[in-house]
Structures are given as C-alpha cells and as structure tokens.
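The values are calculated or read from the model by the stated rules, or taken from the named source; none is laboratory data. Since this is a predicted model, take the numbers as computed values, not measurements. Every residue, glycine among them, receives a Cβ derived from its backbone with ideal geometry; neighbour counts consider all protein chains shown.
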Amino acid sequence: MPTGTSMSEFDALATMLIPSASNYAEAVSTWAFGSQSAFLRAARVWLDEHGLGNTTLVEPTGISARNTSTPSDLLTLGRLAAADPIVARIAATSTLYVPSIETTLNNTNDLLGRGGITGLKTGNLGEGTHNLLYTASIDVGIDAPLSVTGVALGGFSRDSVDASVLTLLDSIRNGFHRVPVAEGGQIVGSVTTPWGATADLVIEGDRSLLTWSDTPITVAMETTTPRAYADREEVGTITWAAGPNTTSAAIEIDGTIEPPSAWWRLTHPGELG
C-alpha cells in the first residue's frame, strides 16, 4: 500500500475482498471508525445485534488465530454479506483493475462461475486451515434458481475444499426430483345425496411435485356440499406439500347424479332447497 494512496471506498473494499489484502482491511476499518479499538467496539455491538454470540473479533485482518467463529455464525454472516448488493458484486468479481494502485486484482476464490458458485470469501492460516464461505445459485428445475449459502472449514488444501464444495452442490442439484402424486380420474371419495344417489369424487388431472431427497409429502383435502350434483362439478381441492413446494388439483363429481323421485320430493319437503 503506497504511502499517500487515495482510492474510492469501493476499490478499497474490493482490494480487501478479492485478493484478501489484509492491510487494506486494517486501513479501511481505521478510516471508518477512527481507531482499531473503536472498530472492535462497533464490531462487538454489531455481532450482538445480529445474534452472532459465537463469533469473536480481535482485529480486522483475519490473520490472528484468536479471531474465531462457528459454522452456524459463518452461515449467518454469509447470508448477511450476500444480501448486500455491493459486497455481493465484489465477491462475484473474478478480476478487477484498480487505477489508483495500477494493479489488477485476482479473486482468490477460484470456484467462481463453477457449479453455480457466485461468491463469497476464502480464508486460510496456512496448510490444514483452508476455508471457504460460499454462495451459489443452482438450477434445480423450479421457476427460480435455488440460492445456497455454505461453509467449508479445515481443508488440507484449496483443491480439497473446492472438490468437496462442488460435490456437495452436485448432490443438492441431483437430489431434486419430481414425484407423481395423482392421476386424472383417480378416486378420492364419494358423495351421497339425501335421497340415496351416489357418485365418485375424482381428481381433475395429473399432478406431480418437485421434492428433494426423501422429504416427506403431506396431503390435505377440502370439500364442499355440491350445488347441482352435476358431472364435473367442482366440490373441493386437494393439495400436496413437500417442504416449501406445493401443488393442488380440483376435486370433481364423476357422473351426473339422478335427481330425486317425485315421491321422495313429496315425502321430504324440508330437505329440498
């Protein structure tokens, strides 16, 4: 960091996050808070506000082994970082030229663009301590890509961490599958009129549900009293759910029910609307 260096806050953050320039982390934190002690006080307040009680910061560079956290806290930090558009943009940048220091920055996260990886940050303190906090966007056959936040800790090399992350993402992607849950015309019940006529209740069409691995599928059905007792009259819905995914189908009367006889009408006047 040349003496007298001047750059935008964006470039300073990029220099911190893309090539892991720890000296810029110290410079930016001092610039923002006035001193390292003030930065640490603010950091502790921020960690408490976000429920990150298992994370300890003793300095901003990440070099000290006394900076500690847990997988759960790191996942929360990853989600918070990915939700910030500036941080997410920087973390997804593979190379960036910074004019103020006449340097091209190369991202230490060599998984960017592979397996759906979109970020986030590498970290290591020597052999046997290679780590990666990552985000990914993977296509699993639904309307929008699935967002994944993960952390790999304690890898013996960067290559081993990369391989384990890609394997995990492949297993997530391959674990999604469609399960047929209904066929059109499938009988799910019956309806009986006050005058003794009956007809089946059927599902109006084929349905399938996207689920992951062996996520259990639940089913719920709601019906109403028919109005006309006519063929294909809708009298309810049936819904299947697996995790956050659901699909529904109408329940219909199969066949027209014979109307009551004149004698039944005569002898049951109070039961006819």
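Specify which of the listed residues (Leu133, Leu125) is assigned to a strand (DSSP E or B) and either more than 26 Å from Glu9 (Cα to Cα) or in the same structural domain as Phe156 (by TED's automatic domain parsing) (or both). Quick ask: steps written out before the conclusion?
Details: Leu125 fails: assigned to a strand (DSSP E or B).
Being assigned to a strand (DSSP E or B) and either more than 26 Å from Glu9 (Cα to Cα) or in the same structural domain as Phe156 (by TED's automatic domain parsing) (or both) holds for just one of Leu133, Leu125, which is Leu133.
Working only within region 136-158, note down all residues that are surrounded by 14 or more Cβ atoms within 10 Å (Cβ to Cβ) and either part of a loop (DSSP other than H, G, I, E, B) or touching a helix residue (DSSP H, G or I) at 6+ places or on another chain (Cβ under 8 Å) (or both).
Across region 136-158, the qualifying residues are Ala136, Ile138, Val140, Leu146, Val148, Thr149, Gly150, Val151, Ala152, Leu153, Gly155.
Return a yes/no flag: does region 130-143 have any residue that is over 23 Å from Ser72 (Cα atoms) and among the hydrophobic types (A, V, I, L, M, F, W, C).
Yes; the residues of region 130-143 include at least one that is over 23 Å from Ser72 (Cα atoms) and among the hydrophobic types (A, V, I, L, M, F, W, C).
For the structure I just gave you, tell me whether Ala81 is crowded, with 18+ Cβ neighbours inside 10 Å, assigned to a helix (DSSP H, G or I) and modelled with pLDDT of 95 or more.
For Ala81, the condition - crowded, with 18+ Cβ neighbours inside 10 Å, assigned to a helix (DSSP H, G or I) and modelled with pLDDT of 95 or more - is met.
Between a first residue in region 222-249 that is touching a residue at least 60 places away in the same chain (Cβ under 8 Å) and within 12 Å of Leu209 (Cβ to Cβ) and a second residue that is surrounded by 13 or more Cβ atoms within 10 Å (Cβ to Cβ) and among the charged types (D, E, K, R), which pairs have beta carbons less than 8 Å apart while being 6 or more apart in sequence or on different chains?
Cβ pairs passing all conditions: Thr247/Arg207; Ala249/Glu204; Ala249/Arg207.
Select from region 225-263 the residues that are farther than 28 Å from Arg178 by Cα and among the polar types (S, T, N, Q) and write down the one among them that is surrounded by the most Cβ atoms within 10 Å (Cβ to Cβ). Walk me through how you get there before you give the answer.
Let us first name the residues in region 225-263 that are farther than 28 Å from Arg178 by Cα, namely 225-231, 233, 255-263.
Cutting the leftovers down to among the polar types (S, T, N, Q) gives us 225, 256, 261.
Values: Thr225: 8, Thr256: 14, Ser261: 10.
That would be Thr256.
Search region 5-24 for residues being of a type outside the set (A, V, I, L, M, F, W, C) and more than 14 Å from Thr108 (Cα to Cα), and hand back the single one that is surrounded by the fewest Cβ atoms within 10 Å (Cβ to Cβ).
Ser6
State all residues of region 40-58 that are not basic (Lys, Arg) and not in a loop (DSSP other than H, G, I, E, B); if no residue qualifies, say none.
Here is the first cut: in region 40-58, the residues not basic (Lys, Arg) are 40, 42-43, 45-58.
Correct list: Leu40, Ala42, Ala43, Val45, Trp46, Leu47, Asp48, Glu49, Thr56.
Among the residues of region 1-47, what is the count of those that are of a type in the set (Asp, Glu), within 26 Å of Leu125 (Cα to Cα) and without any contact (Cβ under 8 Å) to a residue 40 or more places away in the chain?
Count: 1.
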